[in-house]
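Reviewing the structure listed below.
The values are calculated or read from the model by the stated rules, or taken from the named source; none is laboratory data. Note that this is a predicted model, so its numbers are computed, not measured. Here the Cβ positions follow ideal geometry from the backbone for every residue, glycine too, while neighbour counts run over all protein chains shown.
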Amino acid sequence: MSQENANRVRYYIEDQKPFIGNTLVMLGKISEEVMRTELKIYERVIEKHQQLAEMLKNVVLFKYLNESALESLAYIAETEEYAPDTRIVIEGEAADCFYCVVSGALRVTKTNPEKNDEEAYLSTIDKNDVFGESCIFESGKRTANVTAEVTSLLVRFDKNAFIEFIKNHPKASLTILIFIIQKLMARLENTGRELAFVKRQYTSTHDAHELIKEFL
């Protein structure tokens, strides 16, 4: 949220909301203490989404989104913190959301049933990366496990809520879908090696950046 928009919200809270609140207080509908408490809660909600929008700016998937689109994303996003060695995604479970890594690092593994379910390391997901985004196009299951290597802060997007965002923000969705398609194409190139996630060294976003610029 820009400083100008933040000032507008603050003006609305301080100069407009109190008028409504004071009216209710005068009518005996609520107490003045309740009114002030509700206003503080409202301010905290606005601040929380403003901070979240700032976090999303750095995620590669949202690199070309404007402030308005980032603010809309912030309202459908949920932040989740994971301690080291905490399992985030389990192979075989329903894929109904995807994640962005705000801080930390994650380990991607795949279970080998022929070796007593031993887990084979595939790759590491680093800060500002995304994973699980293919759920937008399919109703499948997770193809690998994802575990926090260190304390990690993630942003979670529900599949259905994100699809609604795409429908309502066509220009923003174009840049997002180009990145996702690029990653899926890179993954297909590695199917012979049975990789569910593409290691960073095999994924170049240069072509995606150039393609997006043609549409801006």
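Within region 76-98, the presence of at least one residue that is modelled with pLDDT of 90 or more, in a helix (DSSP H, G or I) and surrounded by 13 or more Cβ atoms within 10 Å (Cβ to Cβ) is confirmed. Every listed requirement among (1) at pLDDT 85 or above; (2) at positive phi is met by A172 save one, (2).
For every residue, the table says whether it meets (1) at pLDDT 70 or above; (2) aliphatic (A, V, I, L, M); (3) in contact with an Asp or Glu (Cβ under 9 Å, 6 or more places away or on another chain); (4) part of a helix (DSSP H, G or I).
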{"position": "M1", "(1), (2), (3), (4)": "no, yes, yes, no"}
{"position": "R10", "(1), (2), (3), (4)": "no, no, yes, yes"}
{"position": "D15", "(1), (2), (3), (4)": "no, no, no, yes"}
{"position": "G21", "(1), (2), (3), (4)": "no, no, yes, yes"}
{"position": "H49", "(1), (2), (3), (4)": "yes, no, yes, yes"}
{"position": "M55", "(1), (2), (3), (4)": "yes, yes, no, yes"}
{"position": "Y64", "(1), (2), (3), (4)": "yes, no, no, no"}
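Within region 29-57, the set of residues being under 11 Å from the mean Cα position of the chain (by Cα) and in contact (Cβ under 8 Å) with a residue 40 or more places away in the chain comprises L52, A53, M55, L56. When region 181-204 is limited to residues that are modelled with pLDDT of 60 or more and either crowded, with 19+ Cβ neighbours inside 10 Å or in contact with a strand residue (DSSP E or B) (Cβ under 6 Å, 6 or more places away or on another chain) (or both), the one that is nearest to A95 (Cα to Cα) turns out to be K183.
Yes/no per residue for (1) within 19 Å of S134 (Cα to Cα); (2) not β-branched (V, I, T):
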site	(1), (2)
Q51	no, yes
M55	no, yes
L65	no, yes
E71	no, yes
V89	yes, no
D96	yes, yes
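Among the candidates K115, K57, K110, the residue that is under 18 Å from I176 (Cβ atoms) and among the basic types (K, R) is uniquely K57.
Just for region 103-156: of the residues that are over 18 Å from R187 (Cα atoms) and among the charged types (D, E, K, R), which one is surrounded by the fewest Cβ atoms within 10 Å (Cβ to Cβ)? So, considering only residues that are over 18 Å from R187 (Cα atoms) and among the charged types (D, E, K, R), the one surrounded by the fewest Cβ atoms within 10 Å (Cβ to Cβ) is E114.
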